[in-house]
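Here is the structure we will look at, set down as structure tokens.
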Amino acid sequence: MLKKSIFFLLLFGSLTGAAQTKKLELFCDVSESGVNYGMFSKLLPDSLKPILINIKEYKFTDPLDMMMLLTMHDWKLVNTTQRVDNTSFRGNYSRISFLLKKEIEISEAAHTQLLQKMKTLYK
């Protein structure tokens with residue numbers, strides 16, 4: 001009986017502990033023009049803003065350098081896209097961009113707050 005009680009306590013504790021946080025995937029696009037975090041730069045609470053690396057502090061011009069810095073902060077490469085711009089005055093000009101993501105855990109309260117901000121921002 002004692003073993004069953006301990007098992008249920010541990011199970012209940014792990015379930016309630018897991019329910020208090022939610023996983024959130026953040027995405028960013030890295031190109032010659034910099035890093036674009038999309039809506040997350042406006043929506044994240046101040047306590048989570050340090051996750052979004054301010055590339056301007058480093059004065060990078062090469063997307064590879066920007067990507068390397070982000071991967072050093074646990075951002076993962078998802079996709080690479082090459083775009084050819086044939087309207088450039090230089091003739092055909094190829095641009096490369098990288099899509100990166102980072103998975104974070106946020107509290108239920110922060111998750112709810114984020115959803116509310118999204119609703120008000122995109123109505």
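Using the structure shown, decide if F89 is in a loop (DSSP other than H, G, I, E, B) and either at pLDDT 90 or above or farther than 17 Å from S31 by Cβ (or both). Step through it out loud before you land on a result.
Details: in a loop (DSSP other than H, G, I, E, B): yes; either at pLDDT 90 or above or farther than 17 Å from S31 by Cβ (or both): yes.
Answer is yes for this residue.
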Task: Options D46, D85: the member that is out of contact with any helix residue (DSSP H, G or I) (no Cβ under 9 Å at 6 or more places or on another chain), more than 27 Å from T21 (Cβ to Cβ) and not aromatic (F, W, Y) - done: D85
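Does the range 43-54 include one or more residues that are of a type in the set (D, E, K, R) and touching a Ser or Thr at 6+ places or on another chain (Cβ under 6 Å)?
Pass one, the range 43-54, residues of a type in the set (D, E, K, R): 46, 49.
Cutting the leftovers down to touching a Ser or Thr at 6+ places or on another chain (Cβ under 6 Å) gives us none.
Within the range 43-54 (the criterion being of a type in the set (D, E, K, R) and touching a Ser or Thr at 6+ places or on another chain (Cβ under 6 Å)), the answer is no, since none of the residues qualifies.
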Task: Enumeration of residues in the range 20-48 that are hydrophobic (A, V, I, L, M, F, W, C) and closer than 15 Å to V78 by Cα - done: L26, F27, C28, V30, V35
Open item on the list: Looking at V35, V78, can you tell me which residue is touching an Asp or Glu at 6+ places or on another chain (Cβ under 8 Å) and at pLDDT 90 or above?
Closed with: V35
Task: Failed criterion for T112 (all others in (1) in contact (Cβ under 8 Å) with a residue 24 or more places away in the chain; (2) hydroxyl-bearing (S, T, Y); (3) within 19 Å of L26 (Cα to Cα) hold) - done: (1)
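Mind counting the residues in the range 43-62 that are in a loop (DSSP other than H, G, I, E, B), more than 13 Å from I106 (Cα to Cα) and more than 11 Å from the chain's Cα centre (by Cα)? First the steps, then the outcome.
So in the range 43-62, the residues in a loop (DSSP other than H, G, I, E, B) come out as 44-45, 52-54, 59-62.
Filter once more, keeping what is more than 13 Å from I106 (Cα to Cα): 52-54, 59-62.
Then drop every residue that is not more than 11 Å from the chain's Cα centre (by Cα), which leaves 54, 59-62.
Total meeting the criteria: 5.
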Open item on the list: Against the condition hydrophobic (A, V, I, L, M, F, W, C) and either more than 14 Å from F27 (Cβ to Cβ) or touching a Gly at 6+ places or on another chain (Cβ under 9 Å) (or both), how does L70 come out, does it pass?
Closed with: no
Task: Pairs, first surrounded by fewer than 11 Cβ atoms within 10 Å (Cβ to Cβ) in the range 43-60, second at pLDDT 85 or above and among the small types (G, A, S), C-beta under 9 Å, six or more apart - done: S47/A110; K56/G34
Open item on the list: Tell me yes or no: at least one residue of the range 112-120 is surrounded by 15 or more Cβ atoms within 10 Å (Cβ to Cβ), under 14 Å from the mean Cα position of the chain (by Cα) and part of a strand (DSSP E or B).
Closed with: no
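In this structure, does K123 turn out to be in a helix (DSSP H, G or I) and at pLDDT below 90?
Details: in a helix (DSSP H, G or I): no; at pLDDT below 90: yes.
Criteria not met by K123.
Filter the range 32-42 for residues that are within 16 Å of K101 (Cβ to Cβ) and either touching a residue at least 40 places away in the same chain (Cβ under 8 Å) or assigned to a helix (DSSP H, G or I) (or both) and give the result. First the steps, then the outcome.
Pass one, the range 32-42, residues within 16 Å of K101 (Cβ to Cβ): 35-41.
Matches in the range 32-42: M39, F40, S41.
The values are calculated or read from the model by the stated rules, or taken from the named source; none is laboratory data. As the structure is a prediction and not an experimental result, all values here were calculated from the model. Cβ coordinates were reconstructed from backbone atoms using ideal geometry, including for glycine residues, and neighbour counts include every protein chain displayed.
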